[in-house]
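Here's the structure, in C-alpha cells; my notes come after.
The values are calculated or read from the model by the stated rules, or taken from the named source; none is laboratory data. What you see is a predicted model, and the numbers here were worked out from it, not measured in a lab. Neighbour counts run over all protein chains shown; Cβ positions are idealised from the backbone, glycine included.
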Amino acid sequence: MLEKDFLESEKETVTVKCQNCGGNMNFDPETQMLKCEHCETVVDFDKSTAVEELDILTAFGNAEEWKDESSVYRCENCGAVVVLKMGETATGCPYCGTAHVVKTTELAGLKPTAVIPFTLSKNSALEKAKEWAKKKFFAPKSFKKNLYAENFRGVYQPTFTFDSKTESYYSARLGTRHTRVVGSGKNRRTETYIVWRHVSGVYNDFFDDVLINADTAYSQKTLNKIMPFDYSSVKVYDSEYMTGFMAKRSDKPIETCWDEAKAVMDSAIKKRILSRYHYDVVDYIRVNTTHTEVTYKYVLLPVYLLNFNHKKKNYSVHINGNTAKVVGKSPVSFLKVLATVGASLGLVALVGLVVYFCS
C-alpha cells in the first residue's frame, strides 16, 4: 500500500502511477480502490460521505467549474462531449461506438459535487449482458458475438437531484357516479349520472432527491429504466473515481433541470391531493405551489454502455454499474423470425391434418 503523502503528490500530476511498476492505476469497482492495470497493486484513497446539499441560488450564480483536473473530448460522429481525468485519452465514443473522438478546448462545465461509484466490474457487467442477450431469442448471432469487455465503456452520467419544501393551494371539481331507475313499464331503465362537488385546501409536502438527467443525448426514460441506484453508496466527488472511466458533460442548464424537477413534483402533488378524496372523474384540478428551502446535488451515476451497429442501425445496451440492471434493444434476425413463423405454420397445418383424418 502507498502512504497518503505519496498519493497526494500523484494527484498533482496527470495520472496516478503505480509505485511498483510505473503502470497506470485505475479505479477498481470491486475493491473501491485504485488498482494497477499491470501488477494489480492496490492503493486506497480518502473517501467522504459528507455530501452537501447546495442552495439552488448558488447554482444559478457561481457554482464551481470543472477545470484543471479534466480533459474534454468530442465525438465527430454524434457530437457527444465526454470528460476524462486529466492525462487520460478517449479511445472511442460510448454513445455511438465510433473511434472518431478528438480532444477539444471546450470547458468541462460545472464540477460534480457527488458520485455513486461503479461497484460492478466490466467483466461482471459483461456476464449480466450475456444473460440478458440469451433471452433475446430473435437477436442475430453477430450481436451476441460482439458482447465482450472491450466493447463496454464505463460512463458516469450527469444528473441533478433536487430537494424542496412545498406549500400548495388547490381547488378541484370532482365527480362520483351514481345510478337510478327511471321510467316505467317498457320504458323502465337504469341510468348513470354524476354528482359533482368542489374541493379546495392547502397541501404541504417535502421532496427529497428528485433526480433529473442533465444529458440531452441520454433520455430520462432510459435513465428511469435502469434505476434505482444505491444512494447509500453516494460519495463526495473525487477525481480518483474517474480514473479509468469517463463522464458525460452536463449539457442541460441547471435552470432547465430545475423546471423539469418542478414538473415532476407538480404531477406528484396533484396525485397526492386527489388521493385524499373519493371520486370517479375529475373535471379539473388547479394547484399553485410555492417552493422553499430548495437545494441540489450534481451527482454522477455509473452506467456501462455497449453500442452495436447492425445493418447501418445503432443499438445500445445500458447496464447499471451499481445494481447490474440491464436494459436495451437488440437487432432482430429476419431469418430467425421467418424460421419460427414457418415452424409455427407447419405445426398448425400438422395439427389440422391430424384432426381431419382422425375425425
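Of all residues in region 167-179, those that are surrounded by 15 or more Cβ atoms within 10 Å (Cβ to Cβ) have Cβ atoms under 7 Å from Cβ atoms of residues that are of a type in the set (S, T, N, Q), 6 or more apart or on another chain, in S168/N288; S168/T289; Y170/S200. Please give the number of the condition K144 fails out of (1) modelled with pLDDT of 85 or more; (2) closer than 30 Å to P29 by Cα; (3) not acidic (D, E). With (1) modelled with pLDDT of 85 or more; (2) closer than 30 Å to P29 by Cα; (3) not acidic (D, E) applied to K144, the lone miss is (1). Among the residues of region 149-201, those identified as among the aliphatic types (A, V, I, L, M) and over 30 Å from P253 (Cβ atoms) are A149, A172, L174, V181, V182, I194, V195, V199. Taking the listed residues V317, V294, the one that is in a strand (DSSP E or B), crowded, with 21+ Cβ neighbours inside 10 Å and in contact with a helix residue (DSSP H, G or I) (Cβ under 7 Å, 6 or more places away or on another chain) is V317, with no other qualifying.
Where residues in region 233-260 are small (G, A, S) and over 17 Å from the mean Cα position of the chain (by Cα), which of them is surrounded by the fewest Cβ atoms within 10 Å (Cβ to Cβ)? The selected residue is S239.
Within region 261-291, can you find the residues that are assigned to a strand (DSSP E or B), of a type outside the set (S, T, N, Q) and in contact with a Phe, Trp or Tyr (Cβ under 8 Å, 6 or more places away or on another chain)? Full working, then the answer.
Step one: filter region 261-291 for residues assigned to a strand (DSSP E or B), giving 281-291.
With of a type outside the set (S, T, N, Q) added as a condition, the list becomes 281-287, 291.
D283, I285, R286, V287 - these are the residues of region 261-291 that are assigned to a strand (DSSP E or B), of a type outside the set (S, T, N, Q) and in contact with a Phe, Trp or Tyr (Cβ under 8 Å, 6 or more places away or on another chain).
In region 53-71, the residues that are assigned by TED's automatic domain parsing to the domain that holds D208 and of a type in the set (S, T, Y) form Cβ pairs under 9 Å with partners that are part of a strand (DSSP E or B) and modelled with pLDDT under 70, at six or more places apart or across chains, as follows: S70/K85; S71/K85; S71/K103. Scanning region 207-260 for residues being in a helix (DSSP H, G or I), out of contact with any helix residue (DSSP H, G or I) (no Cβ under 9 Å at 6 or more places or on another chain), touching a residue at least 60 places away in the same chain (Cβ under 8 Å) and closer than 22 Å to T49 by Cα gives a total of 4. The requirement of being farther than 30 Å from F152 by Cβ and either surrounded by 20 or more Cβ atoms within 10 Å (Cβ to Cβ) or without any contact (Cβ under 8 Å) to a residue 12 or more places away in the chain (or both) is satisfied by A263. Looking across region 319-337 at every residue that is among the aliphatic types (A, V, I, L, M) and modelled with pLDDT of 80 or more, the one that is farthest from L120 (Cα to Cα) is identified as V327.
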